[in-house]
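Visitor: Questions regarding the structure given below will be posed in turn.
The values are calculated or read from the model by the stated rules, or taken from the named source; none is laboratory data. Being a predicted model, the structure only gives us computed values, none of them experimental. Here the Cβ positions follow ideal geometry from the backbone for every residue, glycine too, while neighbour counts run over all protein chains shown.
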Amino acid sequence: MKKIKLNDQVEIIAGKDKGMVGKVIRAFRDTDQVIVEKINMIKRHTKPNMANQQGGIIEKEASINLSNVMLLCPKCSKATRVGFRILDDGAKVRICKKCGESVEAKA
């Protein structure tokens with residue numbers, strides 16, 4: 001179980017976008033990288049193809065290493081480290097290390 005998941009609100013703690021907050025739109029578990037919405041934008045020069053008839057320069061998000069992002073706790077609204085707790089029913093949940101509350105989305 002990873003500490004950062006899809007749709008989590010994260011804060012960037014290092015790099016050119018330090019201090020910015022965004023939502024995780026893609027997570028690569030094997031390389032420990034995440035793509036955050038509107039963060040770490042790059043310009044990609046593309047040739048015309050079937051999907052993009054025009055070609056040209058496209059701006060898109062590049063991946064960021066997991067070590068450079070911190071989860072934002074929905075309860076205390078602070079960037080925090082993530083811990084784990086086993087509940088009475090045997091479920092493993094992520095918890096905020098600052099306030100001790102669960103950071104899992106209510107389903």
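Visitor: Scan region 49-65 for residues that are polar (S, T, N, Q) and surrounded by fewer than 12 Cβ atoms within 10 Å (Cβ to Cβ) and jot them down.
Guide: N49, N52, Q53, Q54
Visitor: Next question, about the same structure. Could you tell me which of the residues I39, I57 is over 19 Å from E104 (Cβ atoms), of a type outside the set (F, W, Y), touching a residue at least 12 places away in the same chain (Cβ under 8 Å) and part of a strand (DSSP E or B)? Spell out how you get there, then give the answer.
Guide: On the way: I39 fails: part of a strand (DSSP E or B).
The conditions single out I57.
Visitor: Do any residues in region 78-107 that are free of Cβ contacts under 8 Å to residues at least 12 places away in the same chain have Cβ atoms under 9 Å from those of residues that are among the β-branched types (V, I, T) and part of a loop (DSSP other than H, G, I, E, B), where the two are at least six apart or on different chains, and which pairs are they?
Guide: V93/V103
Visitor: Please list, ordered by first then second residue, the pairs with beta carbon atoms under 6 Å, 6 or more apart or interchain, first in region 1-18 and under 15 Å from L72 (Cβ atoms) and modelled with pLDDT of 95 or more, second in a loop (DSSP other than H, G, I, E, B) and not β-branched (V, I, T).
Guide: Short answer, once both residue conditions are applied: I12/K18; I12/M20; D17/N40.
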